Amino acid sequence: MLNQPKVLLISSGEMEASTWEEILRDHVILKSVRSLPELGKSLESDAYDVVFCDWSFHLGTWQDALQQVRQRCPDLPVIIFCRAGSEREWLTVLEAGAFDLLAAPYQQPTVLYVLEQAVASYEARRPHNGTRYARAKAS
C-alpha cells in the first residue's frame, strides 16, 4: 500500500466523519465532503486512491455517489459503509460496482485491511488503464 493513500470521505455528519477520522488519521491523507456537489468538485480538483461513502448523506445516497465516481474515475475503488448491513446489502453494493461494504461497528484492523486491498487493487489496474483514468479526470 502507498505510504499515505489519499482518501475521499463522503459522510452524513460530524459524528460519522469524526469516527472515520479517528480510525484513519494515522494511515491516510483524508478529505471529507458532505454532498454530491462537493464530491464532484473534489474529484475534479484532486486525485484519490479510494473513496469511503456513507450509505446516505445530505441529499444523496451511496448509489448517487458511486455513479458520480464512475463517471469521473471509473476504476477508483469505492467502499460503502453503513450502521447495519446484511448479506443482502453487501451483495447489492458489490453488484452495483462498489469495492466493499463495511458495517458498524467499524474495527480499525478490518477497515485498514479493506483499505489496503482497495488501494492495491487500484494500483494494480492503474498502469493498464492510465489513459482511461487520465481521460476520466479530464472530462
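Numbers at a glance
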| quantity | calculated |
| --- | --- |
| Identity of the residue in the range 1-34, in a loop (DSSP other than H, G, I, E, B) and hydroxyl-bearing (S, T, Y), that ends up surrounded by the fewest Cβ atoms within 10 Å (Cβ to Cβ) | S12 |
| Some residue of the range 36-58 being in a loop (DSSP other than H, G, I, E, B) and closer than 18 Å to Q107 by Cα | yes |
| Conditions (1) assigned to a helix (DSSP H, G or I); (2) surrounded by fewer than 20 Cβ atoms within 10 Å (Cβ to Cβ); number of the one not met by V69 | (2) |
| Residue that is farthest from L112 (Cα to Cα) [pool: residues in the range 1-22 that are among the aliphatic types (A, V, I, L, M) and either modelled with pLDDT of 95 or more or in contact with a Gly (Cβ under 9 Å, 6 or more places away or on another chain) (or both)] | I10 |
| Any hit, the range 84-93, residues being under 22 Å from Q4 (Cα atoms) and either in contact with a Ser or Thr (Cβ under 9 Å, 6 or more places away or on another chain) or without any contact (Cβ under 8 Å) to a residue 60 or more places away in the chain (or both) | no |
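Each row is one residue, and each column tells you yes or no for (1) in contact with a Cys (Cβ under 6 Å, 6 or more places away or on another chain); (2) surrounded by fewer than 17 Cβ atoms within 10 Å (Cβ to Cβ); (3) not β-branched (V, I, T).
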| position | (1), (2), (3) |
| --- | --- |
| L36 | no, no, yes |
| G40 | no, yes, yes |
| D54 | no, no, yes |
| I80 | yes, no, no |
| A98 | no, no, yes |
| Q108 | no, yes, yes |
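The values are calculated or read from the model by the stated rules, or taken from the named source; none is laboratory data. Owing to the predicted nature of the structure, the values given are computational and were not obtained by experimental measurement. All Cβ positions, even for glycine, are placed from backbone atoms using ideal geometry, and neighbour counts span all protein chains on display.
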